[in-house]
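Here the structure comes first, spelled out in structure tokens, and everything after it is commentary.
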Amino acid sequence: MGLPPLPDAAVLLGATAPTWRDAMRLAGGALVASGATTDEYTDAMIGMVEEHGPYIVISPGLAFAHARPGGAVLRDGLAVVTIEAPVAFGHPHNDPVRVVLGLAVAGVGTHLESIGEIANLFNDQSVTGRIADATTADEVRTIMGVSA
């Protein structure tokens, strides 16, 4: 399947986010702006971190925001937010975060597939820094190997 497309509306570069919740709201807002989710999905992503802690900070500088598939997901979607001044999520090893990747998938089966794709992409530890330094949505798409 691969990762969902990454439209311009789902890319926010050099954003300001004083707190991890603000960073999550930016990623959720980008998913909403792209037509992939409703605002309830953003709340669900934040709720996952409130309930389970900063497990979404999966490598140095990278948060992988997501929630369970459900009615708030209108279609599969991907969002990328880069943060101007890195923000702490409370992870003991991988803070602070410069890149928040948002993922929404409509089906349970594709959910696991997409998570695997994300893991493969970010096995290359240079990817997070390259995305954080990107200046255009096209550059982010090229680094991630996704379409618009």
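About its Cα centre, what dipole magnitude does the chain give when the only charges are +1 on Lys and Arg Cβ and -1 on Asp and Glu Cβ, stated in debye to the nearest 20? List each step's numbers first, then the result.
Working: 7 positive and 16 negative charges, 10 e Å.
Dipole of the chain, to the nearest 20 debye: 40 debye.
Quick check for me: using +1 on Lys/Arg Cβ and -1 on Asp/Glu Cβ, what's the dipole size of the range 92-148 about its Cα centre, in debye to the nearest 20? Display every interim value, and only then the final one.
Details: 3 positive and 7 negative charges, 12 e Å.
With only Lys, Arg, Asp and Glu charged at Cβ, the dipole is about 60 debye.
Taking the Cα-to-Cβ direction at Tyr55 and at Leu74 and moving 7 Å from each Cα, how far apart do the two end points lie in nm?
Reported label-point gap for Tyr55 and Leu74 is 2.9 nm.
Counting each DSSP H run of 4 or more residues in the chain as -39500 (n - 2.57), what helix-only mean residue ellipticity at 222 nm follows after dividing by all residues, to the nearest 500 deg cm²/dmol?
So the calculated ellipticity at 222 nm is -12000 deg cm²/dmol.
How large is the Kirkwood hydrodynamic radius of the chain, in angstrom, based on all distinct alpha carbon pairs?
Working: mean 1/r = 0.0681 Å⁻¹.
About 14.7 Å, per the Kirkwood formula over Cα pairs.
What residue among Ala63, Ala119, Ala36 shows peak mean-square fluctuation when the chain is described by a Gaussian network model with Cα springs under 10 Å?
Ala119
What net charge is computed for the residues neighbouring Leu74, neighbours being all others with C-beta under 14 Å from the C-beta of Leu74, Lys and Arg scored +1, Asp and Glu -1?
Working: positive: Arg75; negative: Asp39, Glu40, Asp76.
Cβ neighbours under 14 Å give a net charge of -2.
What spacing in nm lies between the two simple spin-label points modelled at Ala88 and Asp133, each 7 Å away from Cα in the Cβ direction?
A separation of 2.7 nm, rounded to one decimal place.
Restricting the count to DSSP beta bridges whose residues both fall in the range 10-148, what percent are antiparallel, rounded to a multiple of 5?
Here the antiparallel bridges make up roughly 55 percent for the range 10-148.
Find out how many positive minus negative residues lie around Gly28, taking Lys and Arg as positive, Asp and Glu as negative, among other residues whose Cβ is under 11 Å from that of Gly28.
Combined, the nearby Lys, Arg, Asp and Glu give -2.
Given the Cα-Cα distance of Thr16 and Asn120 and 0.36 nm per residue of separation, how much length would full extension add, in nm?
Numbers: separation 104, 0.36 × 104 = 37.44 nm, distance 2.80 nm.
Taking 0.36 nm per residue and subtracting the Cα distance, the gain is 34.6 nm.
None of the figures in this text is laboratory data; all of them are computed from the coordinates on show. Just so you know, these numbers come straight off a predicted model, no measurement behind them. Glycine also receives a Cβ, built like all others from the backbone with ideal geometry; neighbour counts cover every protein chain displayed.
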